[in-house]
Amino acid sequence: AAPARPASPTIYLVNVPNAPQSVVVAAQVTGVDPRGDVIATQAGSEVLGGNFLSRINTDLRETKGWSYGAGGSFTLNRNGVPYALTAPVQSDRTGDSIIAVKAQLSDILGAKGVTGEELSRLVSNNVNTLPGRFETSNAVLQAMLSNSLLGRPDDYQEQLAARYRALNQAGIDTALRGAIDPNAFTWLVVGDAAKVKPQLEKVGYPVQVIEPK
């Protein structure tokens, strides 16, 4: 079972005077079962922040130009599955970047779920890259260790192509909305508090400043 989530989001601001950029991290422990069927959940994560063409990276890097790269993913551990978003951004756009990420979360978890184009792209990408993912001995060993850790059958990787092709928009939307709570994130910002804190006030979350010793 996932630990209790915070009652409301809080931003922890670690002060690094004169930092030229800020690093924004938002994370939560989810209720996703690492031994269950996580294909649809991970597919939704890919659309949101899991690759170069994800919504968050496209918005912050390609459209707005505030970050060199931003995104997020689930981490499958034996006893829990955290989800984390990371966005190194230019200092003067720290607050705006958080607001933009919140908007992307609201969209994909609300009325603007996965599109047909996004579904087609993620299925094609995952199926076509399967051979390359297991072309080395180390990659095969890591797959075997992952199967053992998460209780998967030995032929799990052989099943992936068919399981990716069976995905649909509604299933991905349902899985992602059941996994991520947009109000359960804890936010960490590392940056120049003198520049950043005034920006964070418009985000709408309480801000706690941490001074490194």
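The values are calculated or read from the model by the stated rules, or taken from the named source; none is laboratory data. Since the structure is predicted, the reported quantities are computational estimates derived from the model, not experimental observations. Neighbour counts run over all protein chains shown; Cβ positions are idealised from the backbone, glycine included. Please note that ligands, DNA and RNA were not included when accessible areas were found on the heavy atoms of the full protein model with its side chains. Shrake-Rupley method; radii C 1.70, N 1.55, O 1.52, S 1.80 Å.
General remarks:
- For the stretch 166-187, the criterion of being more than 23 Å from Arg78 (Cα to Cα), touching a residue at least 60 places away in the same chain (Cβ under 8 Å) and out of contact with any helix residue (DSSP H, G or I) (no Cβ under 9 Å at 6 or more places or on another chain) is met by at least one residue.
- Residues of the stretch 69-86 that turn out to be over 8 Å from the mean Cα position of the chain (by Cα) and of a type in the set (A, V, I, L, M, F, W, C), as a count: 3
- Taking the conditions (1) more than 24 Å from Pro198 (Cα to Cα); (2) among the small types (Gly, Ala, Ser); (3) in contact with a strand residue (DSSP E or B) (Cβ under 8 Å, 6 or more places away or on another chain) in turn, Ala43 satisfies each one other than (3).
- Members of the stretch 180-202 found to be small (Gly, Ala, Ser), in a helix (DSSP H, G or I) and open to solvent by less than 40 Å² (accessible area, probe 1.4 Å), listed by number: Ala193
- Per the conditions (1) hydrophobic (A, V, I, L, M, F, W, C); (2) under 22 Å from Asn126 (Cα atoms); (3) in contact with a Pro (Cβ under 7 Å, 6 or more places away or on another chain), the sole criterion not satisfied by Phe185 is (2).
- Residue count, the stretch 148-161 (criterion: under 16 Å from Val38 (Cβ atoms) and part of a loop (DSSP other than H, G, I, E, B)): 3
- Residues that are open to solvent by 20 Å² or more (accessible area, probe 1.4 Å), on the phi < 0 side of the Ramachandran plot and in a loop (DSSP other than H, G, I, E, B), drawn from the stretch 2-19: Ala2, Pro3, Ala4, Arg5, Pro6, Ala7, Ser8, Thr10, Val16, Pro17
- Taking the numbered list (1) surrounded by fewer than 18 Cβ atoms within 10 Å (Cβ to Cβ); (2) over 17 Å from Ala175 (Cβ atoms) in turn, Ser22 passes all entries but (1).
- Within the set Tyr164, Tyr205, the sole residue that is part of a loop (DSSP other than H, G, I, E, B), open to solvent by less than 70 Å² (accessible area, probe 1.4 Å) and aromatic (Phe, Trp, Tyr) turns out to be Tyr205.
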